[in-house]
Amino acid sequence: METTNFAEQIANGKNRTNVRCQFCNSFMLKAQEGSYREKEADIPLMQQKKDRTADTLNTEPLKHFWLVEDMMSFENIGFSHSIDGKKFLVCADCERGPVGYHELSTRHCYLALNRVVHKDV
């Protein structure tokens, strides 16, 4: 469950700083490229529980995202297989994730604020 206050990461409705992978520090998105959106979405856990079956994913509800309308705006991002009209976003360098999702119907990407780090260096 999300509990972090992200207000310090938002400037004029956009990401104030660069967005990076929390594991390998890979540069994912430049400052001011994502627009803040609150949207409920169930995203698979980064580490799946051992009790899951092959047909199910353990998920968590997330609602704080950077909306990236053009996937070419990313500096470095990877995509998973399609599942229920979505492709999940992963770090292109270390392949950890998902850090968000790509909605196939709109072609918009949603990068979860609590699955990445916000820093310029």
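The values are calculated or read from the model by the stated rules, or taken from the named source; none is laboratory data. Treat the numbers as computed from the prediction; the structure is a model and nothing was measured. Cβ coordinates were reconstructed from backbone atoms using ideal geometry, including for glycine residues, and neighbour counts include every protein chain displayed. Calculation scope for accessible area: heavy atoms of the full protein, side chains included, ligands and nucleic acids excluded. Shrake-Rupley method; radii C 1.70, N 1.55, O 1.52, S 1.80 Å.
Compute all pairwise cysteine Cβ distances in the chain, then list the cysteines with no distance under 4.7 Å to another cysteine.
Cys with no partner Cβ under 4.7 Å: Cys109.
Considering amide H positions built from the backbone, and no H for Pro or chain starts, which residues 5 or more places from Lys14, or on another chain, come under 5 Å of its amide H?
The answer is Tyr36.
For the chain, set up a Gaussian network in which alpha carbons nearer than 10 Å are linked by springs, and say which option among Leu89, Leu29, Leu45 fluctuates the most.
Answer for the Gaussian network model of the chain: Leu45.
Based on Cβ point charges of +1 for Lys and Arg and -1 for Asp and Glu, what charge dipole magnitude is obtained for the chain about its Cα centre, in debye rounded to the nearest 20? Spell out each step's value before the answer.
Values: 16 positive and 17 negative charges, 32 e Å.
Dipole magnitude for the chain comes out near 160 debye.
Please report the carbon-and-sulfur percent of the accessible area for the chain; probe 1.4 Å, protein heavy atoms only, DNA, RNA and ligands left out. List each step's numbers first, then the result.
On the way: 3150 of 6880 Å².
Looking at the chain in its full context, I get 46 percent from C and S.
At what distance in nm do the modelled label points of Asn76 and Gln48 sit from each other, each positioned 7 Å from its Cα along Cα→Cβ?
Label-label distance for Asn76 and Gln48, simple model: 2.6 nm.
Could you report the stretch 20-91's accessible area per residue, 1.4 Å probe, as an integer in Å²? It would help to have the intermediate numbers written out before the result.
Working: 4240 Å² over 72 residues.
The answer is 59 Å² per residue.
Of all GluC sites (Glu not before Pro) in the stretch 1-47, which ones are in loop regions per DSSP and have a Cβ with at most 14 other Cβ atoms within 10 Å? Intermediate values should be presented prior to the final figure.
Numbers: sites: Glu2, Glu8, Glu33, Glu38, Glu40; in loops: Glu2, Glu33.
Sites meeting the loop and neighbour criteria: Glu2.
In the chain, if the dipole is taken from +1 on Lys/Arg beta carbons and -1 on Asp/Glu beta carbons about the Cα centre, which of Pro44, Cys109, Asn76 is farthest to the positive end?
The Cα lying farthest towards the positive end belongs to Asn76.
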